[in-house]
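Input: a single structure, listed below in structure tokens.
Just so you know, all these numbers are worked out from the coordinates, no wet-lab data involved. Remember, predicted model here, so these are calculated numbers, not experimental data. Counting neighbours? That spans all protein chains shown, and the Cβs are built from the backbone with ideal geometry, glycine included.
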Amino acid sequence: MKIFTIPEEENMNPGHVACPGCASALSMRLALKALGRETILTVPACCWSVIDGPFPYSSVKVPLSHIAFGTAAAFASGIRAALEIKRKKANVVVWCGDGEAFDIGFQTLSGAAERNEDIIFVCYDNEGYMNTGVQRSSATPIKAWTTTTPKKYPKQELKKDLMEIFAAHKIPYAATATVAFPEDMIKKFSKAKEIRGLKLIHILSPCPSGWKFPENLTIKISRLAVETGIFPLYEIEYGEKYTINHTPKWLPVEDYLKKQGRFAHLTKKDYQEKKEYVEKKWLELKEKSNRLKN
Amino acid sequence: MKKLLTGNYAASYGAILSRAEVISAYPITPQTQIVEKLSTMVAEGKLDAEFINVESERSALAVCMGASATGARAFTATSAQGLALMHELLHWAAGARLPLVLVNVNRAMAPGWTVWCDENDSLSQRDTGWIQLYCESNQEVLDTVIQAYKIAEKTMLPVMICMDGIFLSHTQEVVDLPEQEKVDRFLSPYKPPFSLDTSSPHALGSLTPPHVYFEFRYKLQQAMDEAQAEIEKTGKEFGNTFGRDYGLLDEYLLNEAEIIIVALGTVCGTCRVAIDRLNEKGNKVGMLRIRTFRPLPKKKIIESLKDVKKVIIIDRNISYGHHGILHEEIKSAFYRKLNIPLFGFIAGLGGRDITPEDIEQMVNYTLKHEESDTDILWWGVNK
């Protein structure tokens, strides 16, 4: 039996300024354990613009550049180009929220993906503009409350499918992850590090203050997202080879939804629709994962 | 070596001779040839650089900023709408103190669609913290790119070099190409004082509370002030090495002039012709070309204009609701220093020709009037 160990090296300091229970802070800690110190981070406007700490502090032990919203993948491409010309090596990593990846930086990311830039693009997806106080993004799930999709008229549209969009870009690697499965997350970062080209890591990042749940439930909610089939753990290589990393226990979707105030207004019909949608998406995923099995 | 070059190719050769290491740009008329030339040179192995074809001007500047922050010498070029799309990052690049060089080919802003020249695109970026240098000839474009890296890397301020679209970008002139060896002696490789380096990790651009933000901006202004001496010094050094001197300003027949025309860009070349004709007829006209618009060399401007009777300003631009932008700048430089009548002409917007005859007539108008009739003297517009 192979024993998997998580590196003991800590590349993130305590004293960062994330809200209690923030999954993106936990994710960064794990990611940097896998990536190590030879890593350069690019952070566009997102919660991490604050979390890393005010000038002159930084809570990570690697160089980090903040940059304007919507430009992260291009800025990181410039870092990679400079390293190439100087014959230097490092993991070039974008660390951003769903605002950058799904919305304002979507074009920039698509451009970098088409050029197959050698960067790891990490989206910690808290399903809304949380840093500005919980507004809707195109990553917000259908029927969710946010301050711009009030309970009387919650979000009417489906969440954008980032993984499929970038599978269509034929990038060498795309993977989903959550902090409830740290070994899986670390493996994915370690794998991404060894691949040349654009790697997308999509982390579901539960947000206690935005999703309205107690801060001690972050891990549990992350786990429920996976075990209900709402956020499956899988990988896509070159847009073709799908690998499912964990088969859900198929817990009822209500277990996940009812723990969050943002879904408090949902009806039985909504639960049923959610269940059907999750099942449909799972079948699609399953089918794709069977395609290249042999 | 002398070559027949357009302004665009002159800019490209400037970047090549400066050994730009990372180049990224997005095509826009009339700038496109700059990036075409550079991408070809990189592809053919004639320039050891990374060329990145991006999906927008905003990304082009972001790539250059990432490269510069990692210690590489970066170059980009754009025009009009593209420069406007970069606007937010222009602020960021200057605030982050990244010594980039950007060539802007001046083109009027849409709508309606236009590819012809005026200077509203770059002049409306004057408050972003970039040094702005305006060129009159293709030779100056090439020479200024080389100087710009030296100025930028010394002051840690980005430099925008502006050349008039079509008039320079698409017009061939004889340009003396400096030898690479000489350029290498003049411009040493970029050694960044700070960069994204894993052996010395720092966070750049962090959340900056009011108790420090103010000081950063004070330092930016200090750097701008110091840049004046640096631009002058670099221009002189360039002259010593290559035989072509450059300064903050460019004077033409200032001594004994009673009327001085203040302008920037290619209209200055036209002014030289008109001034020669006027002076042959016994007038005393000179010209002050604003080569350095930011930082604005106010003291030098005052010094150059202090003994003159009237000043004409030709603006190929406008600040809507006010008047010409250069007019405004000169007026502010004059405050409580000089009390000379200013004649602010607006001419040639959207690439309309300004001929030597136009300039002669502007001077004739000025001769006949004690003061300007209006805040804006519209030239050649069908009202």
Please turn the phi angles of region B:147-163 into ³J(HN,Hα) values with the Karplus equation 6.51 cos²θ - 1.76 cosθ + 1.60 (θ = phi - 60°), one per residue in order, whole Hz, x for glycine and proline.
5, 4, 4, 5, 5, 4, 6, 7, 8, 6, 10, x, 10, 10, 9, 10, 10
Between region B:202-225 and region A:102-157, what is the separation of their alpha carbon centroids in Å?
31 Å
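Using the structure shown, list the pairs from B:K233/B:K331; B:K306/B:K383; A:K61/A:K188; A:K2/A:K259 with a Cα-Cα distance above 30 Å, or answer none.
B:K306/B:K383; A:K2/A:K259
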At R0 = 25 Å, how high is the FRET efficiency between B:N255 and B:M109 if r is their beta carbon distance? Nearest 0.05 is fine.
0.05
Which of the aspartates and glutamates could a cross-linker span from B:K3 if the Cα-Cα distance has to be under 17 Å and same-chain partners fewer than 8 positions apart are dropped?
B:E140, B:D143, B:E173, B:D176, B:E179
With only alpha-carbon atoms in the gyration tensor, what are the semi-axes of the equivalent ellipsoid for region B:2-242, in Å, largest first?
26, 21, 18
If one builds a Gaussian network model of chain B from Cα atoms under 10 Å apart, the most fluctuating residue listed among B:A148, B:A43, B:A69 is B:A43
Between B:Q132 and residues 5 or more places away or on another chain, which pairs have amide H atoms under 5 Å apart, with H built 1.01 Å from N, and which residues are they?
B:M160, B:F293, B:R294
Crossing angle, helix B:7-17 versus chain B [Cα axis fit, 0-90 degrees, rounded to tens]
40 degrees
Can you list residues from other chains, or at least 5 along the same chain, whose modelled amide H is less than 5 Å from the amide H of B:I312?
B:I260, B:I261, B:V262, B:F343
Can you find, among B:F293, A:P206, B:L177, the residue farthest towards the positive end of the dipole of the protein assembly as shown? Put +1 on the C-beta of Lys and Arg, -1 on that of Asp and Glu.
A:P206
Nearest 10 degrees, 0 to 90: helix B:32-43 Cα axis against chain B principal axis
30 degrees
Once fully extended, how much extra length lies between A:D255 and A:E279, figured as 0.36 nm per residue of separation less the alpha-carbon to alpha-carbon distance?
7.1 nm
For region A:190-205, take each phi angle, set θ = phi - 60°, evaluate the Karplus expression 6.51 cos²θ - 1.76 cosθ + 1.60, and give the result in whole Hz per residue in order, putting x for glycine and proline.
5, 5, 4, 4, 8, 9, 8, x, 7, 10, 10, 10, 9, 9, 6, 10
Summing -39500 (n - 2.57) over the DSSP H runs of n ≥ 4 in chain B and dividing by its residue number, what mean residue ellipticity at 222 nm do you reach, to the nearest 500 deg cm²/dmol?
-13000 deg cm²/dmol
With viscosity set to 0.890 mPa s and temperature to 25 °C, compute the Stokes-Einstein D of region A:23-291, Rh being the Kirkwood radius across alpha carbon pairs; µm²/s, no decimals.
131 µm²/s
State the Cα centre-to-centre distance between region B:336-367 and region A:23-45 in whole Å.
59 Å
Can you list the HN-Hα couplings for region B:281-289, worked out from phi with the Karplus curve (6.51, -1.76, 1.60; θ = phi - 60°), rounded to whole Hz and with x for Gly and Pro?
7, x, 7, 10, 10, x, 9, 10, 8
With the label point 7 Å along the Cα-to-beta-carbon line of B:K284 and a cut-off under 20 Å to each amide N, the hits in region B:317-351 are B:338-343
Identify, among A:A18, B:S12, B:M1, the residue whose Cα sits farthest towards the positive end of the charge dipole of the protein assembly as shown, taking +1 on the Cβ of Lys and Arg and -1 on the Cβ of Asp and Glu, with the dipole about the Cα centre.
A:A18
Only Cα pairs under 8 Å and at least 6 apart count here; give the relative contact order of chain B as a rounded whole percent.
16 percent
Nearest-ten-degree value, helix A:218-227 long axis tilted from longest Cα axis of chain A:
70 degrees
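Only helical DSSP H runs with n ≥ 4 go in: add -39500 (n - 2.57) per run for chain A, normalise by residue count and round the 222 nm mean residue ellipticity to 500 deg cm²/dmol. List each step's numbers first, then the result.
Working: 10 runs with 102 residues, N = 294.
Rounded to the nearest 500, it is -10500 deg cm²/dmol.
Too long at a 18 Å Cα-Cα cut-off: which of B:K284/B:K337; B:K182/B:K236; A:K160/A:K249?
Too far apart for the 18 Å limit: B:K284/B:K337; A:K160/A:K249.
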List the trypsin sites (Lys or Arg not before Pro) within region B:4-91 that fall in a DSSP loop (any state other than H, G, I, E or B) and whose Cβ has at most 13 other Cβ atoms within 10 Å.
B:K46
Just need the relative contact order of chain A here, percent rounded to a whole number, with Cα pairs under 8 Å and 6+ apart.
16 percent
How big is the dipole moment of chain B about its Cα centre under a simple scheme where the beta carbon of each Lys and Arg is +1, that of each Asp and Glu is -1, and everything else is neutral? Debye, nearest 20, please.
540 debye
Would you look at the GNM of chain A, springs on alpha carbons closer than 10 Å, and say which of A:P56, A:P232, A:P206 moves the most?
A:P56
I'd like the distance between the alpha-carbon centres of region B:60-133 and region A:173-213, rounded to an integer number of Å.
36 Å
Largest first and in whole Å, what are the equivalent-ellipsoid semi-axes of the protein assembly as shown based on the Cα gyration tensor, each being the root of 5 times an eigenvalue?
55, 26, 22
Using the Cα centre of chain A as origin and beta-carbon charges of +1 (Lys, Arg) and -1 (Asp, Glu), tell me which of A:A74, A:G197, A:T176 is placed farthest towards the positive end of the dipole.
A:T176
